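To start, the structure itself, in structure tokens.
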Amino acid sequence: MLKASVLAGAPEGEAAYVRAAITDDAAAGSPTAAYARAVAALVGGSDDEAARWAQAMRGGSEASARTAAAIDALARGDAAGYQEALTAIVHDFEARDAHLTGVAFADTAAMLETLAAPRGLAARPASALLAPSA
């Protein structure tokens, strides 16, 4: 829900919902919940909070760790670190035989690029799995 709202350009309501629905304790114990809280924090401009939740994500899967690295780099304003992490995310999507949605689209990378653009950090990787403007 939050990822879709970021991509649609109106994430504030869903970000507020995530912050209210997922407690700090729940997010600390779940990389998936920490991911939702990290994205909500980026939406709200709370970079320190986003970086904290990105650290909690690192205990999850390899995909979670790659996304955590990108979120952490966005939160710190680290353009090189963000580009490296985003490239790893895109390459992971490109290597997949199947996609969760059934559509070959690097939605996580597209969402991160949407959040990176107003920060002046968009990496704009070339990939058939991203829209040309992402």
Looking only at the stretch 20-78, and only at residues there that are over 21 Å from Phe93 (Cα atoms), of a type outside the set (D, E, K, R) and open to solvent by 60 Å² or more (accessible area, probe 1.4 Å), the one that is modelled with the highest pLDDT:
Gln55
Check on Gln83, over 25 Å from Ala10 (Cβ atoms), open to solvent by 50 Å² or more (accessible area, probe 1.4 Å) and in contact (Cβ under 8 Å) with a residue 40 or more places away in the chain:
yes
Return the only residue of His99, His91 being over 14 Å from the mean Cα position of the chain (by Cα) and part of a helix (DSSP H, G or I).
His91
Tell me which residues, restricted to the stretch 2-18, are farther than 18 Å from Ala68 by Cα and either free of Cβ contacts under 8 Å to residues at least 60 places away in the same chain or not in a helix (DSSP H, G or I) (or both).
Ala4, Ser5, Ala8, Gly9, Ala10, Pro11, Glu12, Gly13, Glu14, Ala16, Tyr17
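The values are calculated or read from the model by the stated rules, or taken from the named source; none is laboratory data. Just so it is clear, the structure is predicted and the values come from calculations on it, not from any experiment. All Cβ positions, even for glycine, are placed from backbone atoms using ideal geometry, and neighbour counts span all protein chains on display. Calculation scope for accessible area: heavy atoms of the full protein, side chains included, ligands and nucleic acids excluded. Shrake-Rupley method; radii C 1.70, N 1.55, O 1.52, S 1.80 Å.
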